[in-house]
Amino acid sequence: MASPSAATEYGLSSQSGQVAADSEPQSSDAPLFVNEVERAKKFLATMMDAGVVAPVPKDPGGGYTHEQHKLNYKAIYEGGQLYRITGEQKYADYVRDILLAYAELYPTLGEHPARKNSQGSGRIFWQVLNDAMWLVDSIQGYEAIRGSLSVTDRTNIDDNVFRKAAAFLSTGSAETFSKIHNHATWATAGVGMTGYVLDDKELVDIALLGLDKSGKTGFLRQSELLFSPDGYYTEGPYYQRFALKPFVVFAGAIEKNDPARKIFEHRDGILLKALRTTIQLTYDGYFFPFNDAIKDKSLQTDELYHGVAIAYSKTRDPGLLSIAQWQGRTVLTDDGKLVADDLAAGKARPFPFKSLLLSDGPEGDQG
């Protein structure tokens with residue numbers, strides 16, 4: 001655990017070990033948020049009826065165990081948010097029980113039997129990327145319920161799930177973690193948020209600055225090298241949509257726990273600029289099919305529900321509300337509630353789509 005001084009530096013609660021929150025999300029009369037809560041409740045009801053199912057990993061992408069573990073991290077995330085919103089203990093209990101199952105399973109896992117060698121083997125999934133995605137969502141759900149747990153359960157989950165997952169994704173997957181690539185963005189985001197929740201300054205530092213803490217790799221360097229000065233992502237708009245979630249979600253955690261870092265001002269506000277550029281790279285809501293993009297991908301994706309909500313909370317740009325209206329979705333957070341409330345209050349304005357010349361490369365000289 002980090003020292004008391006580290007806890008103070010990162011704005012953490014020394015009593016529960018949870019990230020300190022400015023306020024807890026509350027219920028809303030706004031239809032967008034109401035619908036999101038009801039959608040999550042239906043999903044959790046289905047998951048809870050099935051009980052806790054955390055199978056030994058076996059299958060590649062699309063297989064039974066792969067899909068079940070995806071459902072589990074969605075349930076951990078949404079169950080945690082529902083507990084914060086409703087206060088209903090059943091959601092905290094279900095998230096706890098899933099994580100206790102992982103506390104038994106995770107320490108037994110080695111290289112995935114269906115490993116995808118070109119991407120590096122995961123533990124829960126066949127590639128490291130999916131393990132990182134599991135951690136990004138799961139640590140957010142865990143943060144919401146952690147203070148409700150007994151000391152025994154909290155210690156068990158801390159040590160046998162999240163510390164082990166963070167160690168695997170960082171020092172245990174050093175090659176991936178040190179890349180300037182979206183796989184590394186997901187990994188550093190998951191490890192860094194775990195560091196904040198577990199009050200572990202070391203995890204936060206290596207996530208931000210790389211394993212050697214030189215700043216030559218890590219989350220901050222990725223934000224400097226993966227986007228052009230215009231906010232264009234090096235792999236094109238389809239991957240920009242995918243990569244934005246770990247960038248903006250981790251940035252939100254950094255802002256909450258270390259506001260002096262002014263992460264949303266870093267590199268001339270590159271993350272918010274990238275979100276707006278992502279939206280500009282669509283026509284009628286669908287992404288321009290550059291490179292190997294899947295043509296039916298649109299702004300109606302989980303990554304951009306988070307991105308629009310976080311960006312709106314930082315900017316109050318009414319054009320983003322019209323995007324949320326087109327999406328018809330938001331997220332179960334304070335940011336999502338703000339979007340829904342302001343949309344219901346009639347504050348939306350048309351998003352200013354316009355012709356743009358977008359440079360490529362970190363210096364803007366590669367396209």
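Read-outs throughout are calculated quantities, based only on the coordinates presented, and are distinct from any laboratory measurement. Computed from a predicted model, the values in this text were never measured in an experiment. Cβ atoms come from the backbone with ideal geometry, glycine included; neighbour counts cover every protein chain shown.
Key figures for this structure:
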quantity: Any chance Ala103 is assigned to a loop (DSSP other than H, G, I, E, B) and crowded, with 16+ Cβ neighbours inside 10 Å; calculated: no
quantity: Any hit, region 320-336, residues being of a type outside the set (Val, Ile, Thr) and without any contact (Cβ under 8 Å) to a residue 12 or more places away in the chain; calculated: no
quantity: Among the candidates Lys245, Lys297, Lys273, residue that is touching a residue at least 40 places away in the same chain (Cβ under 8 Å) and surrounded by 21 or more Cβ atoms within 10 Å (Cβ to Cβ); calculated: Lys245
quantity: Pick from region 228-269, criterion of a type in the set (S, T, N, Q) and in a helix (DSSP H, G or I), ranking: nearest to Asn291 (Cα to Cα); calculated: Gln240
quantity: Qualifying residue in region 196-207 (condition: in contact with a strand residue (DSSP E or B) (Cβ under 7 Å, 6 or more places away or on another chain) and not β-branched (Val, Ile, Thr)); calculated: yes
quantity: Restricting region 127-158 to residues that are under 14 Å from Leu198 (Cα atoms) and without any contact (Cβ under 8 Å) to a residue 12 or more places away in the chain, the residue that is surrounded by the fewest Cβ atoms within 10 Å (Cβ to Cβ); calculated: Val151
quantity: Test: residue in region 209-218 that is buried (at least 23 other Cβ atoms within 10 Å of the Cβ) and more than 23 Å from Gly364 (Cα to Cα); calculated: yes
